[in-house]
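Down below is the structure, laid out as structure tokens.
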Amino acid sequence: MLLPTSAYSPNKELGGEILKRLNIQVEQYDPLLGAGIEQLIRPDTALIWCESPGSITMEIQDVPAIVTAAHARGVPVALDNTYAAGVLFDAFSHGVDVSMQALTKYVGGHSDLLLGSVSVGDEATYTRVGDTQRQLGMAVSPDDCSLALRGLQTLAVRLDALQRSTLAVAAWLAERPEIRSLRHPAFPGCPGHAVWERDFTGSASVFSVIFSPRYSPEQVNSFVDSLQLFRIGWSWGGVTSLAMAYPSLRRLEENSRAALSGSTLVWRILPT
Ligand SMILES: *Cc1c(COP(=O)(O)O)cnc(C)c1O
């Protein structure tokens, strides 16, 4: 299995721990590889995982190029489509075989639901994934499903408001001298921005800023502690604006073509 270095950490842990114990080899790849993924596909590659934009580092992947290379070798492609809420990027029209999202985030929308979805584009995958899900006992409660269905009814207005508020905050931060760079898919400095423009119909409410190296991780932490409107929190897509500091992000430095240093701050904006 191939997994981007920008993947959500628990997905990487699943690959590095449980799948490894099951003798499945997981190789991490540069999320910006695009068609170059071809070089990494082996005769026994069973799955290519994508996540676009990536967690924290926000690289937008050329999913159609990855799909073309994968399908030429008979390898299915799965996408973590949580950022796009399943709607700002149409996974199936871009050739993805399996689209997964944390309904916990935008679909739930109120920080009171822990739920995920796996959607597939064809009957054969449905049977295979559906049977596996049932055999593993991953059933969900009707109450949780009703919260997800309720959330769907306001998803469009919430996403619209989230996009607008987030663009305003990001544009303000982009002009600040304390900020070294901004990673928001709708801004040109974001790795893969041109792909976002081509493939996405909008942006959501999570983005990162990298502070100037003149600020220490301690300073960034005390900045986060001093914020009045933003709480500290891991999840997002709910009714609270959040910020989260990532003091040392080795993979940011390893991944960037232009080496980056400095603390990263991830903003998760509320819809109003
Ligand atoms: C939050 C998140 C998940 C999983 O979220 P849960 O809180 O376990 O529902 C998966 N992928 C991405 C990219 C996420 O941000």
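A compact table of results
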| item | result |
| --- | --- |
| Filter result for V157 (of a type in the set (A, V, I, L, M) and open to solvent by 70 Å² or more (accessible area, probe 1.4 Å)) | yes |
| Options D97, D143; residue that is farther than 24 Å from C190 by Cβ, open to solvent by 80 Å² or more (accessible area, probe 1.4 Å), more than 14 Å from the ligand (Cβ to nearest atom) and not small (G, A, S) | D143 |
| The lone exception for S52 - which of (1) within 13 Å of the ligand (Cβ to nearest atom); (2) without any contact (Cβ under 8 Å) to a residue 40 or more places away in the chain it fails | (2) |
| In segment 4-25, the residues that are open to solvent by 30 Å² or more (accessible area, probe 1.4 Å) and closer than 27 Å to A204 by Cβ | Y8, S9, P10, N11, K12, E13, L14 |
| Segment 105-115: number of residues that are surrounded by fewer than 23 Cβ atoms within 10 Å (Cβ to Cβ) and near the ligand (Cβ under 7 Å from one of its atoms) | 2 |
| Segment 42-59: number of residues that are at pLDDT below 95 and open to solvent by 10 Å² or more (accessible area, probe 1.4 Å) | 2 |
| Whichever residue in segment 57-76 is touching a strand residue (DSSP E or B) at 6+ places or on another chain (Cβ under 6 Å) and within 16 Å of the ligand (Cβ to nearest atom) and, among such residues, is nearest to Q163 (Cα to Cα) | M58 |
| Considering residues of segment 187-217 that are closer than 27 Å to A156 by Cβ and among the small types (G, A, S) only, the residue surrounded by the fewest Cβ atoms within 10 Å (Cβ to Cβ) | A194 |
| R183 being crowded, with 17+ Cβ neighbours inside 10 Å, charged (D, E, K, R), within 16 Å of the ligand (Cβ to nearest atom) and touching a residue at least 40 places away in the same chain (Cβ under 8 Å) | yes |
| Pairs where the first residue, in segment 186-215, is of a type in the set (D, E, K, R) and the second is within 16 Å of the ligand (Cβ to nearest atom) and in a helix (DSSP H, G or I), C-beta under 8 Å, 6+ apart | D199/V63 |
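The values are calculated or read from the model by the stated rules, or taken from the named source; none is laboratory data. Since the structure is predicted, the reported quantities are computational estimates derived from the model, not experimental observations. Cβ coordinates were reconstructed from backbone atoms using ideal geometry, including for glycine residues, and neighbour counts include every protein chain displayed. In case anyone asks, the SASA skips ligands and DNA or RNA and just uses the protein heavy atoms, side chains included. Shrake-Rupley method; radii C 1.70, N 1.55, O 1.52, S 1.80 Å.
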